[in-house]
Amino acid sequence: MSNKLLPQIAFLNGACCGCGACAAACPKGCVAMEPDAWGFPRPSVDAGACVGCGACERACPALGERAADGLERVLWARSRDEGELVRSSSGGVFGLLARRALAEGGLVAGAAWADGCGSVRHVVVEEESGLDSVMRSKYVQSSVGPEVYRAVQDALRSGRRVLFSGTACQVAGMRGYLGRLAGSELFLAVDVICHGVPSPELWRRWVEHVGAREGGAVTSVNMRGKEAGWLSFSERYECAAGEGGDGHTCSTVFNEDWYMRAFLANVSLRPSCFSCPAKRSSGSDVTLGDFWGVQAQQPEAFDDRGVSAVLANTPKGAAALEAVLPGFEWGESSLERVLPGNPCLTGSVRPYRDREAFMAALAGGASIPDMMRRWSFEPGLRQRVVSKAKGVAKRLLRRA
Ligand SMILES: Cc1cc2nc3c(=O)[nH]c(=O)nc-3n(C[C@H](O)[C@H](O)[C@H](O)COP(=O)(O)OP(=O)(O)OC[C@H]3O[C@@H](n4cnc5c(N)ncnc54)[C@H](O)[C@@H]3O)c2cc1C
Ligand code: SF4
Ligand code: SF4
Ligand code: SF4
């Protein structure tokens with residue numbers, strides 16, 4: 001078959017966000033999601049089996065136009081349940097929405113650690129005991145397999161509630177796959193404000209590196225530990241006992257953890273994240289994020305155990321939030337208050353200046369210690385001087 005007859009999904013290159021909707025939608029099973037050199041999932045089409053039906057293209061969030069998301073209400077919120085708050089990345093809104101969906105006999109789909117902690121995959125949770133696995137942010141691209149798409153579709157068809165959570169492109173992919181079923185009152189889509197997703201291959205090597213450094217394989221990770229507070233969140237790695245050693249936990253504040261510095265420097269993100277096709281147009285009912293900058297915007301809402309920024313995009317999302325609000329300390333907010341600390345809500349980040357060389361080294365098999373020597377992502381002297389000067393200026397202004 002000539003290239004001309006392949007569906008458009010085969011030619012998206014950097015625009016593909018890896019949501020997996022095309023593979024799930026193909027009636028011939030001729031799209032497989034395969035990892036590229038950075039571990040990002042990409043579709044591979046079996047040209048011989050493709051019948052040109054276009055189902056993959058209709059499901060794809062990187063093709064075609066979608067309506068902009070609406071906005072019913074913006075809130076700040078944090079769970080009244082201290083345990084839930086500390087276990088969550090931000091204010092614990094996801095946990096309460098998910099608990100409600102399960103209590104009503106529904107299912108929840110979200111991102112969980114897989115292969116030990118070597119990768120992240122979407123899973124379906126049907127019992128409260130499984131909920132912890134999909135809580136907390138994992139800063140690695142999560143794969144959404146066809147089995148998750150089908151489980152969501154089957155549940156909705158059989159009259160069960162579904163809460164699907166993920167990045168905006170994953171929500172758009174799920175909605176594209178579901179078609180008209182996405183409009184069901186039983187379907188609640190929750191997206192997270194998304195900075196972008198880092199390379200699964202970088203994460204795999206980083207976890208191996210931490211295991212070797214600590215003398216025992218990493219068995220559990222919390223990328224949003226709150227031991228030192230929400231603002232200074234920590235990377236917490238639990239490691240198994242190595243030869244002659246004990247199992248132990250190591251914890252590093254996020255800006256001292258090399259993997260997190262690389263993430264926040266925008267060097268390890270998927271190419272589509274620099275021109276996101278789904279921000280504020282995923283069709284999600286609720287958008288959740290950290291309310292960074294809440295101290296300045298709404299000081300009365302600040303709590304260093306975590307505060308969420310919550311956007312109800314649809315009447316369905318607003319009703320779902322209303323039902324769980326008694327579980328929160330909360331107040332009204334606005335887009336204007338959320339945006340200054342959270343520009344990723346509406347805009348894509350810019351790539352790190354040396355990103356191509358970094359990604360080439362990763363694809364070429366460079367070790368983590370080699371990459372750490374070459375790229376530290378420490379703020380440069382100029383940046384440190386500028387931020388120190390800004391801090392001094394702010395203190396002087398406050399005194400004035
Ligand atoms: C890759 C990524 C980037 C983010 N960037 C920002 C940002 O720039 N600004 C901001 O304010 N907030 C960002 N967030 C969202 C924030 O970290 C919290 O996830 C959000 O505030 C919800 O917190 P919570 O306390 O309500 O619940 P939590 O229990 O912390 O919620 C976790 C939710 O995140 C989902 N999730 C976790 N990891 C992944 C993943 N790898 N892929 C898809 N979904 C995942 C889970 O399915 C669940 O729905 C990001 C999250 C992720 C995963
Ligand atoms: S056009 Fe149809 S058969 Fe071909 S890959 Fe897409 S969904 Fe599959
Ligand atoms: S964006 Fe999603 S649906 Fe489109 S080609 Fe990529 S993986 Fe497939
Ligand atoms: S930035 Fe956009 S393309 Fe990248 S993971 Fe987030 S929602 Fe998807």
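The values are calculated or read from the model by the stated rules, or taken from the named source; none is laboratory data. Note that this is a predicted model, so its numbers are computed, not measured. Note that each Cβ is placed from the backbone with ideal geometry, even for glycine, and that neighbours are counted across all protein chains shown.
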Completion exercise
Within the range 261-296, restricting to residues that are in contact with a His (Cβ under 9 Å, 6 or more places away or on another chain) and within 16 Å of ligand 3 (Cβ to nearest atom), the one that is farthest from A62 (Cα to Cα) is L269
Handout entry: Qualifying residue in the range 173-196 (condition: of a type in the set (K, R), in a loop (DSSP other than H, G, I, E, B), touching a strand residue (DSSP E or B) at 6+ places or on another chain (Cβ under 9 Å) and over 28 Å from G83 (Cα atoms))
Key = no
Practice task
Identify, from the list G64, G52, G48, the residue that is within 16 Å of V171 (Cα to Cα), part of a loop (DSSP other than H, G, I, E, B), of a type outside the set (K, R) and not assigned by TED's automatic domain parsing to the domain that holds A189.
Solution key: G64
Problem - Where S133 falls short, out of the listed (1) surrounded by 16 or more Cβ atoms within 10 Å (Cβ to Cβ); (2) under 18 Å from the mean Cα position of the chain (by Cα); (3) away from ligand 4 (no atom under 16 Å from the Cβ) - result: (1)
Exercise for the section: Run down R99, R42 and say which single residue is closer than 23 Å to R305 by Cα and either within 16 Å of ligand 3 (Cβ to nearest atom) or among the basic types (K, R) (or both). Expected result: R99
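Conditions (1) in contact with a Gly (Cβ under 9 Å, 6 or more places away or on another chain); (2) at pLDDT below 95, marked per residue:
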residue: G215; (1), (2): yes, yes
residue: V221; (1), (2): no, no
residue: L231; (1), (2): no, no
residue: E235; (1), (2): yes, no
residue: A241; (1), (2): yes, yes
residue: G244; (1), (2): yes, yes
residue: T249; (1), (2): no, yes
residue: D257; (1), (2): no, no
Fill in the blank from the handout: With criteria (1) part of a strand (DSSP E or B); (2) in contact with a Cys (Cβ under 7 Å, 6 or more places away or on another chain), M33 comes up short on (2)
Handout entry: Conditions (1) within 14 Å of ligand 2 (Cβ to nearest atom); (2) in contact with a Phe, Trp or Tyr (Cβ under 9 Å, 6 or more places away or on another chain); number of the one not met by C56
Key = (2)
Problem - Selected residue (criterion: surrounded by the fewest Cβ atoms within 10 Å (Cβ to Cβ)) from residues of the range 98-109 that are out of contact with any helix residue (DSSP H, G or I) (no Cβ under 7 Å at 6 or more places or on another chain) and either among the aliphatic types (A, V, I, L, M) or more than 16 Å from L186 (Cα to Cα) (or both) - result: A103
Fill in the blank from the handout: Residue pairs qualifying under the 6 Å Cβ cut-off, at least six apart or on distinct chains, with the first in the range 214-227 being in contact (Cβ under 8 Å) with a residue 40 or more places away in the chain and among the β-branched types (V, I, T) and the second being in a loop (DSSP other than H, G, I, E, B) and crowded, with 20+ Cβ neighbours inside 10 Å, are V218/C117; V221/C117
Handout entry: Set A77, A112: member being among the aliphatic types (A, V, I, L, M), crowded, with 19+ Cβ neighbours inside 10 Å, outside the structural domain of H209 (by TED's automatic domain parsing) and more than 21 Å from F187 (Cα to Cα)
Key = A77
Problem - Matching residues, the range 253-264, being aliphatic (A, V, I, L, M) and surrounded by fewer than 21 Cβ atoms within 10 Å (Cβ to Cβ) - result: V253, L264
Handout entry: Qualifying position, being buried (at least 24 other Cβ atoms within 10 Å of the Cβ) and more than 16 Å from ligand 1 (Cβ to nearest atom), among C30, C22, C50
Key = C22
Completion exercise
When every residue in the range 1-19 that is among the aliphatic types (A, V, I, L, M) and either within 28 Å of the chain's Cα centre (by Cα) or crowded, with 23+ Cβ neighbours inside 10 Å (or both) is compared, the one farthest from ligand 2 (Cβ to nearest atom) is A15
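One line per residue, one yes/no per condition, for (1) of a type in the set (S, T, N, Q); (2) closer than 20 Å to H195 by Cβ; (3) outside the structural domain of W230 (by TED's automatic domain parsing):
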| position | (1), (2), (3) |
| --- | --- |
| D285 | no, no, yes |
| G293 | no, yes, yes |
| E300 | no, no, yes |
| R305 | no, no, yes |
| E332 | no, no, yes |
| A357 | no, no, no |
| M371 | no, no, no |
| R374 | no, no, no |
| F377 | no, yes, no |
Practice task
Run A151 past the list (1) away from ligand 3 (no atom under 16 Å from the Cβ); (2) in contact with a helix residue (DSSP H, G or I) (Cβ under 6 Å, 6 or more places away or on another chain) and report the number of the one that doesn't hold.
Solution key: (2)
Practice task
Please state which of the following conditions A37 fails to meet, knowing it meets all the rest: (1) more than 16 Å from ligand 4 (Cβ to nearest atom); (2) buried (at least 23 other Cβ atoms within 10 Å of the Cβ); (3) of a type in the set (A, V, I, L, M, F, W, C).
Solution key: (2)
